[in-house]
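Written below as structure tokens is the structure these notes are about.
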Amino acid sequence: MALLVLALPADVDGVPAGLLIGYGVFLLLAAADGARRGLRATLSLGASFRRLALPLAVVLLAVPAGGSLAYGAARDEAKEQALLERLSAADAQVKSADGLAFDKAEPILAKALDEYEDLGTNKAGSRAGKLVPARLDAYYESVSAPYRNKTYCEAIAPLKHLRGLDGTFDKELLGARPAKTDEPLAHSLYECGTSALGVYTATPAAEESLNELYDTFPKSSHTTRVEPAVRAAIKTRTDALDSGTTPCNTTNELRTLRRSLQAVSDAALDGVTREAKDAVQRGDFACGTDQFKDKDFDNAAKTMTEYAKEYPDSPQAAHARSIAIAAEIADEEPAAGKSLPPATVPGGSRMIMVVSNDGPGEVELLYTGPMTGKVTLKACTTCTKYPGPILSQGKKIKACTGPSSKYPKATVLLPAGDYHLLQKRVSTGTSTAGDTKTSKAKIEPGYSYTNCLYVTSGF
């Protein structure tokens, strides 16, 4: 009875060895004592009692033996239950990782995998070990859930993890499971990469996913889909340019798309990369003209000036320079931006306008009307600013009245029409109101004109 109290209930480790040895010694001593007493005793029992002695002895021997077998079975069951509890705990870890970002879920999943691997290899014959293959199927199903949910960018990291288990987990236990992730991973890289085309804030960037697709799955059917998808993305945006809807935003998307394509190492995209470059050029011009039409003259001037510098061989480079000049004038005199300057210079006769510089520093004269352009005049080394108070006293300034050779000059040939002009001093020291000045001019057929540029003190 004392042994039962100490041994039950049966657990994984069983009864301590010392206790069993002691119990065995006790039984031997009890048997020896019984034999001694039996040999000395004189029994007056009948024959029927003597016939019961052997069966009783067998029963007495069978009870401990049967108890031993039952105890062993109980102990084995306790071991099985302990392994099943470990399996259940690993299942709970996998479930707890649901909904977490993969970088946070991965350490939790790694612990569950360690348990699965140990149970499936070292305890393969146990009930828990035999359940591991089904648990691995469930693990792959759970971790690849983002792919089934079509959140392709989110699916990339877990699919790469599942595919990479082939190098860290027992291969025999894994079987063909890692290879089955190739198609979902290639598909996810394609979808994630192409959906990020033209999206400046995309994470990951388009080139990251597309480079990985080309490097990892060069023969995948999804790899061959990239070029048509890129071409479609470019066309969608160039069509938007034609419609005139937010061309500057569309051009920024095209520029981002081009940047991504330039970062893709595979030569298969060289052709569409050139298409993207042409689309960006087209978009830059559309953006500048749209800014001009929206009266955003400062940005229009910057956009078109940059266009002319970046694409000097473009057939639209001269028109871009004209728009930049007109936008600069309109930024000071909005009436000059009533309409875009013409793309071509009108034919017919031209009238002469001689422009002289009667002021310190180099000066630019910008003009827009039937024709747009600018001239630069060198500094007049002996010229100074005219005092401002002269104007307040009602007296006219008599500029360019000295010897003609004193003033740097330029001759401009202009078609007839109304013009807006902007005088810009390049370097006059302290800036004053007279350094930048707008004016108007009407050029009529058959006449020649002079224009004297000067500066007044600003007070």
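Derivation of every value follows stated rules applied to the coordinates shown; laboratory data play no part. A quick note: this is a predicted structure, and the numbers were derived from the prediction, not measured.
Summary of computed values
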{"quantity": "15 Å Cα-Cα reach of Lys406 towards aspartates and glutamates, excluding residues that sit fewer than 8 places from it in its own chain", "calculated": "Asp358, Glu362"}
{"quantity": "Under Karplus coefficients 6.51, -1.76 and 1.60, residue-wise ³J(HN,Hα) of segment 154-169 in Hz, glycine/proline x", "calculated": "5, 6, 4, 4, x, 5, 5, 4, 5, 5, x, 5, 4, x, 10, 10"}
{"quantity": "Reachable lysines, given that their alpha-carbon falls under 24 Å from the alpha-carbon of Lys160 and they are not under 8 places away in the same chain", "calculated": "Lys95, Lys104, Lys111, Lys150, Lys171, Lys180, Lys219"}
{"quantity": "J(HN,Hα) series, segment 75-80, from Karplus relation 6.51 cos²θ - 1.76 cosθ + 1.60, nearest Hz, glycine and proline x", "calculated": "5, 4, 5, 4, 5, 4"}
{"quantity": "Segment 184-201 - phi-based ³J(HN,Hα) in whole Hz, Karplus 6.51/-1.76/1.60, Gly and Pro as x", "calculated": "x, 5, 4, 4, 5, 4, 5, 5, 5, x, 6, 6, 8, 4, x, 9, 5, 8"}
